Structure formats: structure tokens, C-alpha cells
Amino acid sequence: MRKVWALLGIFIFIFVAVAVPVRAESLRVTVFGDSLVQGYGLAQGEGLVPQLDQWAQAQGLDLTLSNAGVSGDTTAGGAARIDWALADQPQGLIVLLGGNDMLRGLQPDQAEANLRRILQTTQGKGIEILLIGMQAPGNYGPEYKENFDAIYGELAAEFNALLHRDAFAGIRAVAGSDPAAAQAYMQADNIHPNAKGVALNVAALGPVVLQLAERISQEP
């Protein structure tokens, strides 16, 4: 009789082990950038990373997002700290840098070289990349704007990275090119989005994040 119960117990254990699916590991993604990533001027939970996390959860996407944003960082600063940012070996990296380069009027070729260093280092570690572009204002002249705006598409093609062309795409989709309309989604400095603006930008970014997750999931 004891043998019968022992065999029955083994059968139940095997059945449960097979019937209950093992939960897949969360995808580990680092969001790397400046104050737009760090969440400057926003309450906890209102910044890009926490709102993107909430968006992903709503889509049923299991991500573990790390905030590697440093306020005031330029592409040069990002290039200097990229090895540190990748020390925990994420599976994906979202890069959002270049805004402070524009504010300081730094030359596009310098920003391009710094971003290339970031992407080279990341790709060399087998990490999938999503590059978020910045669009230069027109006050530096049309040539500067054309050269700066082109950086992101060219680098994404060079490194086979996913590209989201405009960090402010969500706000632009609602406000267009009207600065007065955009103010409702910006903080008082007219540089950083407020919580409503972040939500719009996250909604625009989200589909590309889904593509990033798909790429990571396909990795052997």
C-alpha cells in the first residue's frame, strides 16, 4: 500500500510540474540619457521611466526598467559612463541623449562621434538598442538643424538599432508646431515635459519599445 501511495505522489508531482507553466523572466532594459530620462522637475512616478513601465504593464509586457538618466548630461558625458551603465548586463538599452548638446550649440559631428561610441560599446556586448532622436531648433540655422537631425537615422542604420525619431513626438502629434499649444504639456522652462507631456511621449514611444522587447525575446 505504501508503494501505491508513493507512486501516486510521484505521479501528482510530475503532473503539476508539467501542467503549471514556468513564468518567463522579465526583460531587463536600461534607459540611458539626460534629464528627460532622469525625470527632472517631476514627482516620483511621473517621469519617463516609471510612466513607460506603467505603459508596458498595461500592454502585458514584462519589463524591468533601470533609470540611467543624469540631468545635464551631454553625449560626451554619456560616452564616458556607458561602460558603467552596462555593468549590470541589461538585455536592451534605450538611448536618449543630445538635447544638452543642442542647448550648448555643440557641433553635430561631435554628438555623432559620442553616440557612435555609445552604440559601439553596447553592440559589442550583444545588447539590443533603441535610439531616440532629438530634433534641433531652427535658431542655429537650417544647416545645423539638418545635420543634427540626421545623426540619429544614420547611426540607427549603421548599427541596425531601432529608431524613434523624435523624443517629443507625442506632444508634437497633439500640439503640432504651435508653441502656445505645446506649453500645456511642458514645464515652466519650456524644455522639459510635464507629466501630461511625458504620457503623450511615452504613448508615441511605446510601439518601438514593443519592437525592442520582441528583438530581445528572439535572442538565443
> Taking the highest mean first, how do the peptides 214-220, 87-93 order by number of other beta carbon atoms within 10 angstrom per residue?
Replying inline: 87-93, 214-220
>> Can you compute the radius of gyration and Dmax for the chain, using only the Cα atoms, both in Å?
In response: 21.5, 89
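Please give the charge dipole size of the chain, origin at the Cα centre, charges +1 on K and R Cβ atoms and -1 on D and E Cβ atoms. Round to the nearest 20 debye.
Values: 14 positive and 22 negative charges, 200 e Å.
Roughly 960 debye for the chain.
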> Peptides 63-72, 152-161: what's the order by average Cβ count within 10 Å, highest mean first?
Replying inline: 63-72, 152-161
>> I'd like the Karplus ³J(HN,Hα) series for region 205-210: coefficients 6.51, -1.76, 1.60, θ = phi - 60°, whole numbers in Hz, and an x wherever there's a Gly or Pro.
In response: 6, x, x, 6, 5, 4
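Quick check of the Kirkwood formula: for region 30-158, what is the inverse mean of 1/r over all pairs of different Cα atoms, in Å? Can you show the working numbers first?
Values: mean 1/r = 0.0660 Å⁻¹.
Answer for region 30-158: a Kirkwood hydrodynamic radius of 15.1 Å.
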> Residue-wise, which Karplus ³J(HN,Hα) couplings in Hz belong to region 97-114, taking 6.51 cos²θ - 1.76 cosθ + 1.60, θ = phi - 60°, and x for glycine or proline?
Replying inline: 9, x, x, 6, 4, 5, 4, 8, x, 5, 5, x, 5, 5, 4, 4, 5, 5
>> Tell me the net charge near S35. Cut-off is 11 Å between Cβ atoms, S35 excluded, with +1 for each Lys or Arg and -1 for each Asp or Glu.
In response: -3
> In region 26-123, what percent of the accessible surface is made up of carbon and sulfur (1.4 Å probe, ligands and nucleic acids excluded)?
Replying inline: 46
> Counting only residues 5 or more places away or on other chains, whose amide H sits under 5 Å from the amide H of H192 once H atoms are built in the peptide plane?
Replying inline: Q187
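Based solely on its DSSP helices, what 222 nm [θ] is calculated for the chain when runs of n ≥ 4 H residues each add -39,500 (n - 2.57) and the sum is averaged over all residues, nearest 500 deg cm²/dmol?
Details: 10 runs with 119 residues, N = 220.
Per the formula, -17000 deg cm²/dmol.
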> Ordered by residue, what ³J(HN,Hα) values in Hz, to whole numbers, does region 187-201 give under the Karplus form 6.51 cos²θ - 1.76 cosθ + 1.60, where θ = phi - 60° and Gly and Pro are x?
Replying inline: 6, 4, 7, 6, 10, 9, x, 7, 4, 5, x, 4, 4, 5, 5
> Under a 5 Å amide H to amide H cut-off, with H placed in plane at 1.01 Å, what residues pair with I94 once short-range neighbours are removed?
Replying inline: T30, V31, F32, L130
> With axes computed from alpha carbons, what is the tilt in degrees of helix 48-58 against the longest principal axis of the chain, rounded to the nearest 10 within 0 to 90?
Replying inline: 40
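For the chain, what is the accessible area per residue in Å², given a 1.4 Å probe and the full set of protein chains? Can you show the working numbers first?
Details: 11760 Å² over 220 residues.
Per-residue accessible area for the chain comes out at 53 Å².
The values are calculated or read from the model by the stated rules, or taken from the named source; none is laboratory data. This structure is a prediction, so every number in the text was calculated from the model and none was measured. As a convention, Cβ positions derive from the backbone with ideal geometry for all residues, glycine included, and neighbour counts pool all protein chains shown. These accessible areas exclude ligands, DNA and RNA; they are computed on the full protein's heavy atoms, side chains included. Shrake-Rupley method; radii C 1.70, N 1.55, O 1.52, S 1.80 Å.
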